[in-house]
Structure formats: C-alpha cells, structure tokens
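Here's the structure, in structure tokens; my notes come after.
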Amino acid sequence: MKKSLIALAVLGSMVGAASAQSSVTLFGGVDLNARYNKGGGKTFKSLGTDGIYSSRWGVRGVEDLGGGLKAGFWLEAAINPDDGTTNASRFWHRRTSVSLMGGFGEVRLGRFLTNQFTAYADFDPFGTNGVGDMSKFQNVLGSGSSSITRADNIVAYYLPGNLGGLYGSAEVAAGEGATGAGANNKYLGLRLGYAAGPLNVSGAFSNADVDTSNLDFKRTTFSGSYDLGMVKLMGSYTQNKFGARKQSVTLIGASMPLGSGTLRASYINASANAAAEAVTGDSKQFALGYIHDLSKRTAIYGTVSRVTNDGRASFKVSGPSAWTIGGGNDNGGVEVGVRHTF
C-alpha cells in the first residue's frame, strides 16, 4: 500500500512538472465603433470595426524542451464583430505558425505578418487601424502582389533578443509552383533594426516575384521613433517599385500621454511618379485621435481623418465596402468606439 502511494505521489509530481513546462493561451479582442464617412458625393453611417485594434481570437502555446530550447505554435483568426462573420476565404487568416526558439533566436514557419509590413506598421501612431491607418496608401502598382501584409509558406529567422538592442529577421516564401499574377509566387524579406532607450530605428527590403515575367515588386522602408517622454515622435519612408512605376509613402507622426490615455496624430504623403500615374496618383492624409484607457483591457476612443486625392488616386479612410471613391475625390471619416481584449 505504501509503495502504491509513493508511486502515485511521484507520478503526480511528474505530471505537475510537465504541465509547468508547457502553456496554452486563449487570446483576442473585440473593437467596434460608430463611424461616419463622407466623400465622392456620398455619406455613410455605419457600425465600424477595428478602430484601434484588429478584432480577432486565437490560441497560442509554448513548450519547454529543456536545454534552453522551446517549441511554440500560434493560430489566429480575424473576426468581424459587427455581423459575426470571419474571413471568407480562410479561417486562420491572420496567423498559422510553428516555431523553435532558443539562445540562437527563433525559426518560424507558416503564414504571418511580413517583416516589411511591420517595418512601417511599428511606427504608425494609429497602429494601421481605423480611419487614421497608413497601410491603405501602400500601392502594389499593378503588380498583383499579395505578399504585402502577410505571406504564405514563409520560412523565417529572427535574431535573439540579447544583442544589445539589435534586432532583425529574414524571410523566404516558397512559390510552390504558382505562376499567375498575384499568386504570391516567391517572396524575400529582410529587416534590421536597433532599439535602445528612447531610440528605435529600422530598415527593411522585400522582393516579390509575382509571376513568370522579369518584373518583381520591390519595397524599401526606413523608419524610426524617439521618445522624449512628454511626446513620442515617429516617422517612416517607403518606396514601392514595379518596373518603371514608383510610389513613395512618407509618414510623420506623434503620440502623447494625456491623462488616462494617449493623444495621437499623423500626416501622410503618398506620391507617384509619371509612370505610376497609370494606376494611382498623389494623396495626403491628416489624422487626429485620442484613446482613453478604462483599464488594461478596455478603452474608448475617437479618431478623425481627412484624405485628399489627386489624379487617379482613390484612397479612402476606412469605411463600408459599399462606399467607393472615384479617382481624385477627397473624403473623410469620424469614428467613436470601444475596444476590449482578453
């Protein structure tokens, strides 16, 4: 009897140790807002989503393999909380990945945000969300490239976090035999940055071979921020290139702690060369917003934005898909909403 009790106690301690070495987390959040849009001779009142946070849910986990080595997985799906739908084409739209992590850094495989996207998204005061979002100005110039925000079939390597502020990653995405335009045939992304104290600077380059032609879609981004304490200054410059077509997107922004929240502002200038005017024109945006934190998980917010378009440019602030903006039409938007994360 005593031997049985001892064996049971040992087994229980082993199970406890195993569970302590692994973790699985359910996470996500919901962001909804009342939104008003005007432009192109039309006005829309709608229940908008993702004003300061991309609504999502997911599950992620890490297992300690011993010797400083860990394994992890991440599954993340986008949700549309205004009508309860998800991404129509793929359920785990946002991220599906498995990783090995250790003192050497991280090796990650699957589908996730490209380092070229995070190179400018990390320095957008509005986090590429809502009517103040800057990512809408990034044009693929008729290349059909789909590996802009995320890419499929990525093999990535991330530097470890103990290099004195140096960070970076390299990504390669396989074409897997796809040859049609926009099929995300092949993708290469490189990013290197330095973050220490109030300073954060980054440079990134990507090349997307979208079809069997000799033309690749290329993107280069330089970005940085400096925290002065009372205000954090941010900026980025991106050049998109496809053959003779070129577009540059420049952002100047700032965020400032104010009471129990944060005041945010940005100015964006997107300009195209003569060759790119066949698919887009020039555009500018001013945006101003405030987030008031009710807790660590809940916040209320308000944002206003104005876009001016020239030539073929038809960029619009976030709004309902039924709201279309013809080339050269100015437009704007106002949103007031709530975000809750878990």
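The values are calculated or read from the model by the stated rules, or taken from the named source; none is laboratory data. Keep in mind that this is a model prediction, so the values were computed, not measured. All Cβ positions, even for glycine, are placed from backbone atoms using ideal geometry, and neighbour counts span all protein chains on display.
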| Residue that is modelled with the lowest pLDDT [pool: residues in the range 274-284 that are of a type in the set (A, V, I, L, M) and part of a loop (DSSP other than H, G, I, E, B)] | VAL279
| Do we have SER89 as part of a loop (DSSP other than H, G, I, E, B), of a type in the set (S, T, N, Q), out of contact with any Leu (no Cβ under 6 Å at 6 or more places or on another chain) and touching a residue at least 24 places away in the same chain (Cβ under 8 Å) here? | no
| query | Of the conditions (1) loosely packed, with under 15 Cβ neighbours inside 10 Å; (2) touching a Lys or Arg at 6+ places or on another chain (Cβ under 8 Å), GLY66 fails just one. Which one is it? | reply | (2)
| message | What pairs come out if I take residues in the range 289-300 that are at pLDDT 95 or above and pair them with residues that are of a type in the set (Lys, Arg) whose C-beta lies under 6 Å away, six or more apart or interchain? | response | GLY289/ARG264; ALA299/ARG339
| message | Yes or no: the range 128-140 includes at least one residue that is more than 16 Å from the chain's Cα centre (by Cα) and under 14 Å from THR220 (Cα atoms). | response | yes
| request: Look at ASP83 and say whether it is part of a loop (DSSP other than H, G, I, E, B) and at pLDDT 95 or above. | output: no
| Can VAL98 be described as in contact with a Leu (Cβ under 7 Å, 6 or more places away or on another chain), at pLDDT 95 or above and under 21 Å from ALA78 (Cα atoms)? | yes
| task | Report, by residue number, each residue of the range 235-254 that is under 16 Å from PHE126 (Cα atoms) and in contact with a Leu (Cβ under 7 Å, 6 or more places away or on another chain). | result | GLY235, SER236, ALA254
| said: On the basis of being part of a strand (DSSP E or B), surrounded by 19 or more Cβ atoms within 10 Å (Cβ to Cβ) and either of a type in the set (Ser, Thr, Tyr) or at pLDDT below 95 (or both), does SER271 make the cut? | reply: no
| request: Determine which member of the set PHE123, PHE104, PHE112 is at pLDDT 95 or above and touching a Lys or Arg at 6+ places or on another chain (Cβ under 8 Å). | output: PHE112
| task | Would you please list the contacts, defined by Cβ atoms under 9 Å and residues six or more apart or on different chains, that run from a residue in the range 201-216 that is under 18 Å from ILE148 (Cβ atoms) to a residue that is modelled with pLDDT under 90 and of a type in the set (Lys, Arg)? | result | ASN207/LYS186; ALA208/LYS186; ASP209/LYS186; VAL210/LYS186; ASP216/LYS186
| the range 122-137 - residue that is surrounded by 21 or more Cβ atoms within 10 Å (Cβ to Cβ) and out of contact with any Phe, Trp or Tyr (no Cβ under 9 Å at 6 or more places or on another chain) and, of those, nearest to VAL201 (Cα to Cα) | PHE123
| Say we look at the range 81-121 and pick out the residues that are crowded, with 21+ Cβ neighbours inside 10 Å and in contact with an Asp or Glu (Cβ under 7 Å, 6 or more places away or on another chain); which of these is farthest from LEU163 (Cα to Cα)? | ARG94
| Residue identified as in a strand (DSSP E or B), surrounded by 15 or more Cβ atoms within 10 Å (Cβ to Cβ), over 16 Å from the mean Cα position of the chain (by Cα) and free of Cβ contacts under 8 Å to residues at least 40 places away in the same chain among GLY72, GLY48 | GLY72
| said: Given the criteria in contact with a Gly (Cβ under 7 Å, 6 or more places away or on another chain) and farther than 22 Å from SER321 by Cβ, does SER97 qualify? | reply: yes
